[in-house]
Amino acid sequence: MDETAISDGEPVHPRLRKDERRAQIVLELRLRPHVRIGELARRFGVSAETVRRDVEALSAEGLVSRSHGGATARAHGRYPGLDERSAARVAERERIGRRAAELVRPGETVMVDSGSTTLQFARFLAYRGTPCTVMTNSLPIAMTLGHADADVILCPGDYLPDEAATIGTEAVDFLERHRADRCMIGASGLTADGPVEAVRGFVAIKRAMIRRCGEAHLLVDSEKFDRPGLATVAPLRDLASVVVDAPPGAALRAALERAGVGLLPAE
């Protein structure tokens with residue numbers, strides 16, 4: 001039934017998908033400091049346990065803080081830093097990084113944005129010894145490739161300590177003045193609308209890299225499928241491929257197929 005139903009005198013809106021519910025929770029906490037699980041369950045027409053799982057998942061991302069009976073806005077919109085993310089799901093990200101490194105051909109120019117998965121890509125690219133030029137806003141990636149067979153160009157800009165990366169207009173302008181054969185970007189989530197990002201300043205960097213390259217590759221682990229974010233980086237059609245450790249569910253896979261995006265599972 002498409003029309004809004006009535007339950008116990010309160011309107012219950014059409015059932016939302018998991019990523020839509022979580023995006024609504026994040027949006028609500030941008031407007032007020034606290035939401036209650038019971039209130040959200042009634043609004044979404046789902047069980048309190050379902051909303052509790054949503055809150056726990058958002059808390060694990062660093063997008064909200066759990067509180068008694070609900071959720072509160074995360075202080076300063078904190079998202080786990082690079083060091084925290086790098087310590088999680090290492091095996092999965094290593095597999096993705098290894099597979100992505102196979103895509104780079106000798107002599108190519110590659111733009112690589114900051115992230116825990118793209119850092120694994122840099123490690124395996126260095127291990128393969130592929131001669132190429134790498135342009136990045138990540139200090140750890142520049143250091144990883146600095147002693148390999150790669151010419152490394154580090155973007156200027158404002159330094160973001162938690163990410164060991166540069167962001168801002170100077171970094172974006174620098175990228176816009178260059179061209180690359182391909183780019184390797186990460187994301188905090190992947191939905192049917194496209195990759196999403198939670199780190200302030202990273203969206204503009206990723207968009208610039210996508211605009212200035214021949215092929216854009218998204219490196220994302222399966223835990224981030226259908227995970228909402230504060231901003232969509234680009235539509236799926238702007239990606240050439242998605243490198244993953246495990247295949248996505250039917251709905252997301254169908255969206256990728258409709259957009260003509262290649263799905264590259266890591267071995």
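Please treat every number below as a calculation from the coordinates, not as lab data. Keep in mind that this is a model prediction, so the values were computed, not measured. No Cβ is skipped: glycine too gets one built from the backbone with ideal geometry, and neighbour counts run over all protein chains shown.
Convex hull volume of the C-alpha atoms in the range 98-137, normalised per residue: 54 Å³. A helix-only calculation puts the chain at -11000 deg cm²/dmol for mean residue ellipticity at 222 nm, using -39500 (n - 2.57) for each DSSP H run of at least four residues, averaged over all residues. Taking amide H as placed 1.01 Å from N in the peptide plane, ALA231 has its amide H under 5 Å from the amide H of GLU197, each at least 5 places away in sequence or on another chain. When cysteine pairs in the chain are screened for C-beta atoms closer than 4.7 angstrom, the residues that find no partner are CYS132, CYS155. For GLY70, the residues whose amide H sits under 5 Å from its own are ILE37, ignoring neighbours fewer than 5 places away on the same chain, with H placed 1.01 Å from N.
Backbone geometry of the range 158-175 corresponds, through the Karplus equation with coefficients 6.51, -1.76 and 1.60 at θ = phi - 60°, to 3J(HN,Hα) couplings of 7, 7, 10, x, 4, 10, 6, 9, 9, 9, x, 4, 5, 5, 5, 4, 4, 4 Hz, x marking Gly and Pro. Using the Cα coordinates of the range 170-267, the gyration tensor eigenvalues translate into equivalent-ellipsoid semi-axes of 22, 15, 11 Å, sorted from longest to shortest.
P(r) tail for the range 196-238: Cα pairs beyond 15 Å make up 44% of the total. State whether the range 102-189 is rounded, prolate or oblate according to the following rule on the C-alpha gyration tensor (a ≥ b ≥ c being the square roots of its eigenvalues): a/c under 1.5 gives rounded; otherwise a/b larger than b/c gives prolate, and the remaining case gives oblate. Prolate is the answer for the range 102-189, as a/c is 1.5 or above and a/b outweighs b/c.
Taking the Cα centre of the chain as reference, the dipole from Cβ charges on Lys and Arg (+1) and Asp and Glu (-1) amounts to some 220 debye.
Amide H contacts of GLU215 (H built 1.01 Å from N, in plane; Pro and chain starts excluded): ARG182, CYS183 sit under 5 Å, all sequence-distant by 5 or more or on other chains. Taking every DSSP bridge with both residues inside the chain, close to 45 percent are antiparallel. Overall size of the chain from C-alpha positions, given as principal axis extents largest first: 67, 37, 33 Å.
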